[in-house]
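Data first, discussion second: the structure below is written as structure tokens.
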Amino acid sequence: MFLSLKLIVREGAIPCTILPSSSVSQVMKYVLLMLLLAAVALAQGQSDEHKHGPGPGKEIGSGAANIGTGAAKGAGDVAKGAGKGAVDLVTLHPINAATSVGKGAAVGGKDATVGAAKGTGKIGKGIGKAFKKLF
């Protein structure tokens with residue numbers, strides 16, 4: 001049961017044969033099935049990429065912890081330098097005392113700055129993730 005059509009191309013006729021409707025629907029079903037399977041496989045491959053890394057809440061909490069840790073380390077270094085400077089001053093070593101206090105302040109400032117920078121970066125990243133989830 002074949003249908004016969006003629007296509008008109010530039011003043012001439014080209015005979016054309018069309019498959020029975022049941023054959024066309026079979027081919028159509030296979031093509032649609034293949035497209036559906038390809039779409040499912042593609043979707044499964046993409047979902048794994050979005051599951052990496054901590055969530056926004058954990059990122060913000062980690063940033064706050066980094067800021068606190070940096071401040072604590074900095075305060076400890078300043079106290080250590082001040083204590084060593086006091087001991088040097090009592091033992092009549094004023095140059096060593098000034099060096100110890102200055103070194104403690106410098107290292108303490110560095111630790112506080114590094115902690116604040118890392119923490120602020122993580123908080124900003126967490127806020128960005130939160131906005132990305134919303135929109």
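Here, each number is a calculation from the coordinates, and none is a lab measurement. Predicted, not measured: the structure shown is a model, and the values here were computed from it. In this analysis, Cβ positions are derived from the backbone assuming ideal geometry, glycine residues included, and neighbour counts consider all displayed protein chains.
At-a-glance table
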quantity: Zone of Ala105's modelled label, taken as backbone nitrogen in segment 63-78 under 14 Å from a point 7 Å along Cα→Cβ; calculated: 78
quantity: Inter-label distance, nm, simple model (7 Å from Cα along the C-beta direction), Ala86/Ala64; calculated: 3.3 nm
quantity: For segment 88-135 versus segment 52-86, the gap between their alpha-carbon centres in whole angstrom; calculated: 7 Å
quantity: Theoretical gain in end-to-end length, Leu134 to His93 [0.36 nm per residue, Cα-Cα removed]; calculated: 8.6 nm
